[in-house]
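K.L.:
The structure's right below; bear with me while I get my questions together.
The values are calculated or read from the model by the stated rules, or taken from the named source; none is laboratory data. It should be emphasised that the depicted structure is a prediction, and the values quoted were computed from it without experimental measurement. Heads up, the Cβs are rebuilt from the backbone with ideal geometry, glycines too, and the neighbour counts pull from every protein chain shown. Areas reflect the complete protein model, heavy atoms only, side chains present, ligands, DNA and RNA absent. Shrake-Rupley method; radii C 1.70, N 1.55, O 1.52, S 1.80 Å.
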Number of protein chains: 2
Amino acid sequence: MNTKFIYDIPTKVYFGENQLSNLGKEIKQYGNKVLLVYGGGSIKKSGLYEKVMTELIKEGLEVFELPGIEPNPRHTSVNKGSDICKKEKIEVLLAVGGGSVIDATKFIGVGAGYDGDIWDILTKKAEIKNCLPIISVITLSATGSEMDAGGVISNQETKDKIGMFNPLMRPKVSFLDPTNTYSVNEYQTACGSVDILSHIMEVYFNMEDDLFMLDCVMEGLMKTVIKYGPLAIKEPDNYEARANLMWASSWAINGFVMGGRMKAWSCHPMEHQLSAYYDITHGLGLAILTPRWMEYTLDETNVSKFYQFGVNVFDIDKSLSPMTVANTSIELLSDFFFNTLGLDSTLGAIGIDDKHFEIMAEKASQGGTQNGFKPLNKNDILKVFRMCL
Amino acid sequence: MNTKFIYDIPTKVYFGENQLSNLGKEIKQYGNKVLLVYGGGSIKKSGLYEKVMTELIKEGLEVFELPGIEPNPRHTSVNKGSDICKKEKIEVLLAVGGGSVIDATKFIGVGAGYDGDIWDILTKKAEIKNCLPIISVITLSATGSEMDAGGVISNQETKDKIGMFNPLMRPKVSFLDPTNTYSVNEYQTACGSVDILSHIMEVYFNMEDDLFMLDCVMEGLMKTVIKYGPLAIKEPDNYEARANLMWASSWAINGFVMGGRMKAWSCHPMEHQLSAYYDITHGLGLAILTPRWMEYTLDETNVSKFYQFGVNVFDIDKSLSPMTVANTSIELLSDFFFNTLGLDSTLGAIGIDDKHFEIMAEKASQGGTQNGFKPLNKNDILKVFRMCL
């Protein structure tokens, strides 16, 4: 296959401390009426809300607010935001928070130009026509939403969680200050690290690529997360650790490492079912699923990719047999998730049984995993879910 | 040091074969009057000129032409281009060729808005105020000019070669088709590979960084060049080899790997003197200089960086002493340049003696090497030049 793609990632990033003085002028490029979107109030506790408001007021902007975005953001919150945009003629959106807040903001921006329920868009009954310009201040290294073109929204009534990409939703400007993640607790830091790793692994595990260069970049990003995730847990105020996780998080999913790789993702569609039904943290679901998916997927036809992963990411002795390296890499990844990062290792441990597996596997297989690294149908997914019990 | 920087690389890239059908519509976004800039005519031989013209005509664009840009592009050619822009009210520039053509085009775009000689800008007698929008079709993997904000221009009269950066000069859209580099000969492929490696090494050798992640990315890019440079020489039509070199070339210098690293470059300012005085290929000069600069620079204070380079890029046994690994890495790099890539290894071999060393060292030290990885004054540079004889 001759690699072919369009690279188009124009997001401007202010990286580092004390860059917020640029916030006002960046927003003003796009308009004066701003909707500030945020979550459960942690930005008020941390003082970030105050800092942001100071900049907005200094610039004379007219600010509206939508607090209360949920960790797995709901379509009802998105609708609420879009309604404010329509009523108040909002010109620009400012998301301050983690990936959930930015994801919700993306669809608020889309909904502002759509006369109906955002769920129509997510279920493809209507198309994305436009999106208000989005500026973000990120407070968690995980989803990479600050530099990517996608988002995931949940519908509590139907128990659906749907992801969607559109270049119109990519933030224009994002502020990445590692010190804004100092207050992220151990558990969320661990889950964020898993999420970053998973974004890379979903692309890395692919047999049809000829851009070795991007494999090297992905291995570097994975090594970065494995090195700094545990350090950030141990030393929450370690700038170097937080900075590396933060920048790796953006580059894991902004589209660069994909090159022309068009394979469907595997663990994400499965996890979306878990968090749709049980509202668990996305990264925790991914940690439990990923090693089982690897075990289920590994065979003679793809062992070379696992071997490359083991040698280049986990530094396993390259003279060992490919299958030994492959199996060791899965063990080391499990050890990283469950011992080093300290996450629960089974669905049972977090109170999930097989009650909804059938319907979840049905939905996940429609999410596109059929066209993944190893094509997975409903039955395959059921087996992976059972391996996680 | 807490890393802090602004990331802003909005260039859109069409990567791969048969993407030229997008050329016309991309140009049209910026205007209808186009100046097509190219070099010595190799694009006519290869058929690329014809393909480009077909797209421009199809879109109904009004095309003016400036052929004859030199390999080390001269300020006189830039002035010629800027004059055409002023006279014909050119709205957008299309560079088709290698880095020299794109570099020249950048300054043509700047000169179009300046009432005087472009050399005033390069010698900082005047400032860059604006630049016409630039679109590029690259035919050589080397300078990375297709995605970066800089360029280097020579003045044959004063024997000066000056590089300058300005975000206004960054191409809006670039077309990277690896098959357009199939006709690049062995020597130019070798020199291009050295240039890419050098761009990375100039940033990589730095003791004041805390973005391990970018070190990993740079190591990946360097491994890519070392793997595919020789393959592209052996098999000029190898898509995978050409694609990896091409994309690595852009990312070596577009600014991403720099993060907040602000150290001056070392080998580039020295090489610019060599090619200013002797009009040699930039990559050849870099190949001769770099290992000597490394030998001259290596000491106990910076051996850890050389060790990291040796272990992660050349896969040298990490249990060896740091100094052994460091010295071995220099040997392996020399071996790569002079044996694997087959480049001449001394200035003597290409007919250069010490006649102009004094003035060249004087000029190079003004180029900023004083603030490099190892600060170099005129005397240091003289010594490095002599090591190359």
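K.L.:
Where both residues lie in the stretch B:12-180, what percent of DSSP beta bridges are antiparallel, nearest 5?
P.N.:
Working: 6 of 28 bridges.
In the stretch B:12-180, DSSP labels about 20 percent of beta bridges as antiparallel.
K.L.:
Right, another one. With the other protein chains left in place, how much accessible area per residue, in square angstrom, belongs to the stretch B:332-375 at a 1.4 angstrom probe? Kindly include the intermediate steps, with their values, before the conclusion.
P.N.:
Values: 2050 Å² over 44 residues.
Roughly 47 Å² per residue, with all protein chains present.
K.L.:
Can you give the helix-only mean residue ellipticity at 222 nm for chain B, where every DSSP H stretch with n ≥ 4 adds -39500 (n - 2.57) and the sum goes over all residues, rounded to the nearest 500 deg cm²/dmol? Display every interim value, and only then the final one.
P.N.:
Numbers: 15 runs with 185 residues, N = 389.
-15000 deg cm²/dmol, from helical runs alone.
K.L.:
When chain A is treated as a GNM, springs tying every alpha-carbon pair under 10 Å, which of A:G111, A:G98, A:G351 comes out with the largest mean-square fluctuation?
P.N.:
Most flexible of the set in this elastic network: A:G351.
K.L.:
Using the beta-carbon distance between A:K124 and A:I350 and R0 = 35 Å, what value does 1/(1 + (r/R0)^6) give for FRET efficiency, to the nearest 0.05? Before the final figure, lay out each step's value.
P.N.:
Details: r = 32 Å, r/R0 = 0.91.
Result of the calculation: an efficiency of 0.65.
K.L.:
Moving on. Taking a probe of 1.4 angstrom, what is the accessible area of A:D299 in Å², to the nearest 10?
P.N.:
Here the residue's solvent-accessible area equals roughly 50 Å².
K.L.:
B:K172: which lysines have alpha carbons under 20 Å from its alpha carbon, excluding same-chain residues fewer than 8 sequence positions away?
P.N.:
B:K172 reaches A:K4, A:K12, A:K172, B:K12, B:K25, B:K28, B:K33, B:K89, B:K106, B:K129.
K.L.:
Please compute how much accessible surface disappears when A pairs with B, both sides summed, using a 1.4 Å probe, and round it to the nearest 100 Å². Don't skip to the end; give the middle numbers.
P.N.:
On the way: alone 16060 and 16080 Å², together 28450 Å².
The A and B chains share an interface burying roughly 3700 Å².
K.L.:
7 Å along Cα→Cβ for the label point: how many nanometres lie between A:E358 and each equivalent label in the other copies, listed shortest first?
P.N.:
Copy-to-copy label distances for A:E358: 9.3 nm.
K.L.:
Over the whole of A:240-251, what's the average partner chain Cβ count within 10 Å per residue? Rounded to a whole number, please.
P.N.:
Numbers: counts 7, 2, 1, 9, 7, 1, 1, 8, 6, 1, 1, 4.
Rounded to a whole number, the mean comes out at 4.
K.L.:
Can you list, shortest first in nanometers, how far A:N18 lies from the same residue in the other copies, with each label 7 Å from Cα toward Cβ?
P.N.:
Listed shortest first, these distances are 5.4 nm.
K.L.:
Over all alpha-carbon pairs of the stretch B:76-161, lay out the pair-distance distribution in 10 Å bins, whole %, shortest bin first.
P.N.:
With a bin width of 10 Å, the distribution comes to 18, 52, 29, 1.
K.L.:
What fraction of the DSSP beta bridges in the protein assembly as shown is antiparallel, stated in percent and rounded to the nearest 5? Intermediate values should be presented prior to the final figure.
P.N.:
Working: 18 of 62 bridges.
If we restrict to bridges inside the protein assembly as shown, about 30 percent are antiparallel.
K.L.:
Moving on to the next point. Taking the Cα-to-Cβ direction at A:E362 and at B:E59 and moving 7 Å from each Cα, how far apart do the two end points lie in nm?
P.N.:
According to this spin-label approximation, the distance is 5.0 nm.
K.L.:
Now, a different point. Which lysines, on any chain, are close to A:K378 with Cα under 23 Å apart, when same-chain ones fewer than 8 places away are left out?
P.N.:
A:K124, A:K159, A:K161, A:K263, A:K355, A:K363
K.L.:
What are the residues whose amide H is under 5 Å from the amide H of A:E65, where those residues sit 5 or more places off or on another chain and H is modelled from the backbone?
P.N.:
A:L36
K.L.:
What list of ³J(HN,Hα) couplings, whole Hz, do you get for the stretch B:225-230 from phi and the Karplus terms 6.51, -1.76, 1.60, once you set θ to phi - 60° and write x for glycine and proline?
P.N.:
Computed from phi, the couplings for the stretch B:225-230 are 5, 5, 6, 9, x, x Hz.
K.L.:
From the phi angles alone, apply the Karplus equation (6.51, -1.76, 1.60; θ = phi - 60°) to the stretch A:273-282 and give each ³J(HN,Hα) in whole Hz, x where the residue is Gly or Pro.
P.N.:
Going residue by residue, I get 5, 4, 6, 5, 8, 10, 6, 7, 5, 3 Hz, with x marking Gly and Pro.
K.L.:
Among residues other than A:S345 whose Cβ falls under 14 Å from its Cβ, what is the net charge (Lys/Arg +1, Asp/Glu -1)?
P.N.:
Values: positive: A:R292; negative: A:E295, A:E331, A:D335, A:D344.
Its environment carries a net charge of -3.
K.L.:
Closest to the A-onto-B rotation axis, which residue of chain A has its Cβ, and how many Å off the axis is it?
P.N.:
A:P10, 2
K.L.:
Let me ask you something else. Along Cα-to-Cβ, 7 Å out, sits the label point; list in nm, shortest first, how far the one on A:K383 is from those in the other copies.
P.N.:
6.6
K.L.:
Hey, in the GNM for chain A with a 10 angstrom Cα cutoff, which one of A:V78, A:V311, A:V173 fluctuates hardest?
P.N.:
Among A:V78, A:V311, A:V173, the largest GNM mean-square fluctuation belongs to A:V311.
K.L.:
For the stretch A:12-180, what does the accessible surface come to per residue with a 1.4 Å probe? Please give it in Å². Mind dumping the intermediate values first?
P.N.:
On the way: 6520 Å² over 169 residues.
Heavy-atom accessible area per residue stands at 39 Å².
K.L.:
In what sequence, largest accessible area first, do A:M147, A:M258, B:M262 appear using a 1.4 Å probe?
P.N.:
Numbers: A:M147 0, A:M258 60, B:M262 155 Å².
Descending order: B:M262, A:M258, A:M147.
K.L.:
I would also like to ask the following. Quick check: net charge around B:K159, other residues with Cβ under 15 Å of its Cβ, Lys/Arg +1 and Asp/Glu -1? Present the calculation step by step, with values, prior to reporting the outcome.
P.N.:
Working: positive: B:R74, B:K161, B:K355, B:K363; negative: B:E70, B:E157, B:D160, B:E271, B:D279, B:E358, B:E362.
Here the count lands on -3.
K.L.:
Separate question: Report Rg/Rh for the stretch A:184-387, rounded to two decimals, where Rg is the Cα radius of gyration and Rh the Kirkwood radius. Don't skip to the answer; put the middle values down first.
P.N.:
Working: Rg = 16.2 Å, Rh = 17.1 Å.
Rg/Rh for the stretch A:184-387 comes to 0.94.
K.L.:
Tell me the carbon and sulfur percent of the accessible area for the stretch B:186-387, rounded to whole percent, probe radius 1.4 Å. The partial results should precede the final answer.
P.N.:
Working: 3360 of 6810 Å².
So the carbon and sulfur contribution to the accessible surface is 49 percent.
K.L.:
May I pose another question? With a 10 Å cut-off between alpha carbons and a GNM built on chain A, which of A:M201, A:M213, A:M222 moves the most?
P.N.:
Taking springs between Cα atoms under 10 Å, the residue moving most is A:M213.
K.L.:
Give the aspartates and glutamates reachable from B:K44 as a straight Cα distance under 14 Å; neighbours fewer than 8 places away on the same chain don't count.
P.N.:
Here the aspartates and glutamates satisfying the reach criterion relative to B:K44 are B:E65.
K.L.:
Which residues' amide hydrogens lie under 5 Å from the amide hydrogen of A:D160, considering only partners 5 or more residues apart or on another chain, with H built in the peptide plane?
P.N.:
Correct list: A:N155.
K.L.:
Show me the GluC sites (Glu not before Pro) within the stretch A:195-298 that DSSP assigns to loop and that have at most 15 other Cβ atoms within 10 Å of their Cβ. Spell out each step's value before the answer.
P.N.:
Numbers: sites: A:E202, A:E208, A:E219, A:E240, A:E271, A:E295; in loops: A:E208.
Qualifying residues, ordered by number: A:E208.
K.L.:
P(r) for the stretch A:12-180: what percent of alpha-carbon pairs falls in each 10 Å bin, starting at zero?
P.N.:
Bins of 10 Å from zero give 11, 44, 35, 9, 0 percent of pairs.
K.L.:
Next up: Apply the Karplus parameterisation 6.51 cos²θ - 1.76 cosθ + 1.60, with θ equal to phi minus 60°, to every residue of the stretch B:76-91 and state each ³J(HN,Hα) to the nearest whole Hz, in sequence, with x for glycine and proline.
P.N.:
5, 5, 4, 4, 4, x, 4, 4, 4, 4, 5, 5, 9, 6, 4, 9
K.L.:
Further question on the same structure: Taking every pair of Cα atoms in the protein assembly as shown, average 1/r, invert it to obtain the Kirkwood radius, and report Rg/Rh to two decimals.
P.N.:
Values: Rg = 26.8 Å, Rh = 27.5 Å.
That ratio equals 0.97.
K.L.:
Something else about it: Apply the Debye scattering formula to chain A, with a single equal point scatterer on each alpha-carbon and no solvent, then give log10 I(q)/I(0) at q = 0.06, 0.09, 0.10 Å⁻¹.
P.N.:
-0.22, -0.50, -0.62
K.L.:
Around A:D177, which amide H atoms from residues at least 5 apart in sequence, or from another chain, sit under 5 Å from its own amide H, with H modelled in the peptide plane?
P.N.:
Close amide H contacts, sequence-distant or interchain: A:G16, A:I138.
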